[in-house]
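Take a look at the structure below.
The values are calculated or read from the model by the stated rules, or taken from the named source; none is laboratory data. Note that the structure is a prediction, hence the values are computed from the model and not measured. Heads up, the Cβs are rebuilt from the backbone with ideal geometry, glycines too, and the neighbour counts pull from every protein chain shown.
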Amino acid sequence: MNIIATAFAAIPFAFALIRLVQTGTDARYVVVALASACGAAMAMRLTRPVTSARFLGVAIVVFIMATLLAIIAAMVLGTRLGPGILVVAAAFGSCFAAGSALHARTRG
């Protein structure tokens, strides 16, 4: 289960690296993925103890924090708030939320 959780958490970075390789210079998604990961890590820290009984609450908090930090990072990089960044931020947040939920399910 932890391998699948790690795979979910790696998806935003894979997407960001694909974008970087395709464009050759656009590293904005890498920064957004890092910010989203930091939001997820902070949320996991705030919702201690992470247990299987609390996995849904952990996932919700992780989704909110990861998505918000991704939006903030994108806006700091000069992106305008709009549907594009909202979709990317929500997708990154969803990946981290799914990974954290699966990780929490393995806890006692």
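Taken together, the residues in the stretch 20-58 that are in contact (Cβ under 8 Å) with a residue 24 or more places away in the chain and outside any helix (DSSP H, G or I) amount to 3. When each of Ile11, Ile18 is tested for being of a type in the set (Val, Ile, Thr), exposed (fewer than 14 other Cβ atoms within 10 Å of the Cβ) and at pLDDT 95 or above, the lone residue that passes is Ile18.
Do we have Leu86 as free of Cβ contacts under 8 Å to residues at least 40 places away in the same chain, among the aliphatic types (A, V, I, L, M) and crowded, with 18+ Cβ neighbours inside 10 Å here?
no
Restricting to the stretch 21-55, and then to whatever is hydroxyl-bearing (Ser, Thr, Tyr) and in contact with a helix residue (DSSP H, G or I) (Cβ under 9 Å, 6 or more places away or on another chain), can you tell me which residue is surrounded by the fewest Cβ atoms within 10 Å (Cβ to Cβ)? Give the steps one after another, and end with the answer.
Applying the first criterion (hydroxyl-bearing (Ser, Thr, Tyr)) to the stretch 21-55 yields 23, 25, 29, 36, 47, 51-52.
Checking which are in contact with a helix residue (DSSP H, G or I) (Cβ under 9 Å, 6 or more places away or on another chain) leaves us with 29, 36, 47, 51-52.
Details: Tyr29: 24, Ser36: 33, Thr47: 20, Thr51: 15, Ser52: 13.
Once the filter is applied, the top-ranked residue is Ser52.
Can you name the residue in the stretch 21-69 that is modelled with pLDDT of 90 or more and aromatic (Phe, Trp, Tyr) and is also nearest to Cys95 (Cα to Cα) among such residues? My answer is Phe63. Taking the numbered list (1) touching a Lys or Arg at 6+ places or on another chain (Cβ under 7 Å); (2) at positive phi in turn, Phe55 passes all entries but (2).
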